[in-house]
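What follows is one structure encoded as structure tokens, with my remarks underneath.
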Amino acid sequence: MSRDDDVGHEAERLKNEWEDRARSEARDFFVASHEGWDDERRWAAQATQDVAFITTGLSPGFLAEADVLALGCGVGRLVPELLARTRSYTGLDVAPSMVAEARRRLAGEPRARFFESDGLGVPAGACDRHYALVISVAVLIHCPRDVARALVHAGWERLAPGGVLRFQLLGLPADDEQPSRVPSDREASGPGPIVATPTATTPATESHADPPAGDATAPPRSGAPVDDADRSRADPSRPVGPDDVAAPDPSLAGERYMGHWFTEQEARDLLAGLDARDVLVVHVPPCHIYVSATRG
Ligand SMILES: C[S@@+](CC[C@H](N)C(=O)[O-])C[C@H]1O[C@@H](n2cnc3c(N)ncnc32)[C@H](O)[C@@H]1O
């Protein structure tokens with residue numbers, strides 16, 4: 001089977017699994033599995049923090065004129081906050097019921113629109129313009145590496161010159177940050193660290209820290225080659241669990257709920273061959289990597 005077949009198969013799997021989640025009563029939990037996900041006020045507060053984080057360092061003037069493309073928009077959770085700062089919002093999502101719900105929730109917002117995607121690219125309807133800002137929040141953390149690469153490249157193609165791409169990945173803990181435990185499902189699954197450290201580590205600051213040498217049992221330092229054994233030590237492939245945040249239906253998480261664990265080098269490699277400048281790769285402990293890049 002070719003690599004194209006594999007990635008197509010994975011995209012199909014993601015569509016089916018996310019559609020099941022989107023149709024379930026637990027839909028909003030899977031969109032934003034933070035504590036208070038079922039409380040309207042805390043849901044909105046979380047969205048405010050997430051948008052503040054993902055737009056860190058972008059000037060109000062840049063944002064005010066920005067058309068935004070969101071890869072994996074879910075139910076449109078971030079739309080009100082983003083539209084308070086930007087010109088328009090275009091969201092795509094692999095799950096048709098997520099798209100339907102986003103359209104329903106944002107029906108009164110003429111500056112927002114939503115499209116179903118194939119899990120790998122940007123659908124034709126969203127290709128009528130280039131975007132100053134392309135974002136992906138809490139999406140690629142659920143995707144295999146080749147799916148993530150396809151989405152990043154597809155989003156990049158839609159960037160206007162000088163436009164900014166920002167996305168979040170699951171980050172393999174570096175040696176000096178390795179917790180004595182595997183990161184909890186809540187830490188790994190939701191946009192949690194966006195919330196936890198918005199001021200301490202921003203996408204505007206590249207991490208140059210050279211981690212100290214670790215012991216043989218720790219996962220490798222960022223950027224080092226990773227073998228399967230290393231990954232398995234950090235990979236909480238068990239599904240999101242009710243011990244972290246009460247999931248109405250944890251069975252929907254499935255065995256492959258979380259995606260590929262990236263080293264910082266692998267995160268950089270996603271941009272290989274693209275005319276990217278001002279590339280920032282920020283590891284937010286314990287288990288997220290944020291990437292920001294500007295189209296040359
Ligand atoms: C955890 S939710 C986050 C939604 C939204 N970004 C937010 O922060 O509210 C992940 C979303 O990504 C979508 N998704 C997952 N893989 C995708 C892919 N390969 N292409 C497009 N959407 C995808 C899912 O259907 C789901 O709606």
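Coordinate-derived values only; no laboratory data. The structure presented is a predicted model; accordingly, all values stated were derived computationally and were not measured. Heads up, the Cβs are rebuilt from the backbone with ideal geometry, glycines too, and the neighbour counts pull from every protein chain shown.
What FRET efficiency do you get for H9 and S59 if R0 is 45 Å and r is their Cβ-Cβ distance, rounded to the nearest 0.05? Intermediate values should be presented prior to the final figure.
Numbers: r = 42 Å, r/R0 = 0.93.
Result of the calculation: an efficiency of 0.60.
Test of understanding: ordering D38, D5 by Cβ neighbours within 10 Å, fewest first, what list do you get? Don't jump to the answer; show the numbers that get you there.
Numbers: D38 14, D5 9.
Ranking D38, D5 by Cβ neighbours within 10 Å, fewest first, gives D5, D38.
If you stretched the chain out fully between D269 and A100, how much longer would it get, using 0.36 nm times the residue separation minus the C-alpha to C-alpha distance?
Values: separation 169, 0.36 × 169 = 60.84 nm, distance 3.40 nm.
That pair, D269 and A100, stretches by 57.4 nm at full extension.
Please give the peptides 263-272, 67-76 ranked by average Cβ packing (other Cβ atoms within 10 Å per residue), highest first, as a rough proxy for protection.
Result, highest mean first: 67-76, 263-272.
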